[in-house]
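First up is the structure itself, then whatever we jot down about it.
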Amino acid sequence: MGPARDPLDLLWLALPESRPGRELSWLASMPDASVSAVGEAGTGDPVPFIERPYRRLTRRFIEAGALAWFQDLDTVDPGPTDWVASLELCALVTGQAGPLAQRLGARQAILTWGNDARNPLYRIPPYHQALKRAERADLVVCLIEAARDHCLELGFSAEQLRVVLPPLDTARFHPPEQPVEEPVAAFISPLATNKGIDRVLDAWPLVTSKVPEARLVVAGRGPLDGLVRERAASDPSIEFVGSLPGDGVAELLRRVAVFVTAPRPTRVWNEQFGLAYVEAMASGVPVVTTECGTNHEAVLAPSIRVPDDAGRIAEGLIHFLGDPALRRSIFPELRRVVVDRFERSQQLAALRAAFDSVG
């Protein structure tokens, strides 16, 4: 048994369109932690939810970029609370977290994936106002190494920052008994230009010209649905399966030989990490993706990153799809490198230790 510790009571302010199984779930899974959340609707995570509506000016932006904030937050009374926490430094909800923490006699924590101190959102009111309020937080949990440098560049002190890498669910994402022999690649991501499904589709004919039996399974939803359906209708080697739940993603990863995406930056976004990369590698599947932002923190050798070019993506796919012996040889190493760094119980303990370290 580990040393006895005081229970930790935490209130999470959820962002619009928050995805289940991520930051809120990790906080709720920390040792000896009791977590509840404020949100317009439950996320599906197994925590008590206090329902409060958002004031929302547009639905164009989601999550941290949402132009939305809580109404009636001054009526929230969760009982004894040690921490009020939220996601990302400039989220408008984070701007509300500090005053709420002060009213409840609690400390404020912020979790961040941020990796670009020059993000234009930081200069735009009211995001800039939220960022200035965030500077007074007691704790900023950096979920990638790059986030620490990003926070320091923004003017946060080293004493406020703790790096805790994201937990990997190795029970859900595990390899099949044997590597998949068939040359099947999977794209599992939103079907949007920033995730590069269009680039992968452009690369695919180059792949099948060298590996004629290769197949591509595309899972996801997004603005490029129509493009995927069109290509799948004209090319029998491409299968579109739509959006999948978490267990469906894990099952698909155990049926494929390679995982592929091709992210590229936008004005306000650069790939920060990519949980899908470590989930694929934990499933014994090598990753081929583009060099984008700080995804090198997740895409660990023997997986590979290539320039944002259809020909180079095709070369990476052919490298793995055309060589089943290579895939068999790297099968155990793929899982080991991510489990060593991101194993769930290890990282949940580190997350709890970050809160305990604040005197």
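The values are calculated or read from the model by the stated rules, or taken from the named source; none is laboratory data. Being a predicted model, the structure only gives us computed values, none of them experimental. Ideal geometry is used to build each Cβ from the backbone, glycine not excepted, and the neighbour counts take in all protein chains shown. Note: areas computed on protein heavy atoms with side chains; ligands, DNA, RNA excluded. Shrake-Rupley method; radii C 1.70, N 1.55, O 1.52, S 1.80 Å.
Here are some notes:
- Normalised by residue count, the range 211-303 yields a Cα convex hull volume of 117 Å³ per residue.
- Bridge type composition, the chain - antiparallel percent by DSSP, nearest 5: 5 percent
- For the chain, carbon and sulfur atoms together expose 50% of the accessible surface, with a 1.4 angstrom probe and every protein chain in place.
- Largest GNM mean-square fluctuation among Ser243, Ser209, Ser34, using the chain with Cα springs under 10 Å: Ser209.
- Helix axis angle, 92-104 relative to the chain longest principal axis, alpha carbon, degrees: 40 degrees
- The alpha-carbon atoms of the range 152-247, seen along their principal axes, cover 56, 35, 27 angstrom, with the largest extent given first.
- Expressed in units of 2.2 N^0.38 Å, where N is the residue count, the Cα radius of gyration of the range 256-319 is 1.04.
- Against the chain, whose longest principal axis is taken from its Cα atoms, helix 310-321 shows a tilt of about 80°.
- Share of alpha-carbon pairs per 10 Å distance bin for the range 196-257, given as whole %: 20, 53, 26, 1
- Relative intensity of the range 85-204 on a log10 scale, I(q)/I(0) at q = 0.18, 0.19, 0.20, 0.23 Å⁻¹, equals -0.96, -1.01, -1.06, -1.24, per a Debye sum over C-alpha point scatterers of equal strength in the absence of solvent.
- Counting only alpha carbon atoms, the long axis of helix 344-356 and the longest principal axis of the chain meet at about 20°.
- Averaging the sequence gap over all C-alpha pairs within less than 8 Å and six or more residues apart, then dividing by the number of residues, gives the range 215-359 a relative contact order of 18 percent.
- Placing +1 on the Cβ of every Lys and Arg and -1 on the Cβ of every Asp and Glu, with nothing else charged, gives the range 1-75 a dipole about its Cα centre of roughly 380 debye.
- Structural descriptor for the chain: relative contact order 15 percent, calculated from alpha carbon pairs under 8 angstrom and at least 6 residues apart.
- Using Cβ point charges alone (K and R +1, D and E -1), the dipole size of the chain about the Cα centre works out to roughly 540 debye.
- Most positive-pole-ward Cα, Gly284, Ala350, Leu253, against dipole of the range 225-352 from beta carbon charges: Ala350
- Value of Rg to Rh for the chain (Rh from inverse mean 1/r over Cα pairs, i.e. Kirkwood): 0.99
- The range 260-359 - Kirkwood radius from inverse mean 1/r over Cα pairs (Å): 14.8 Å
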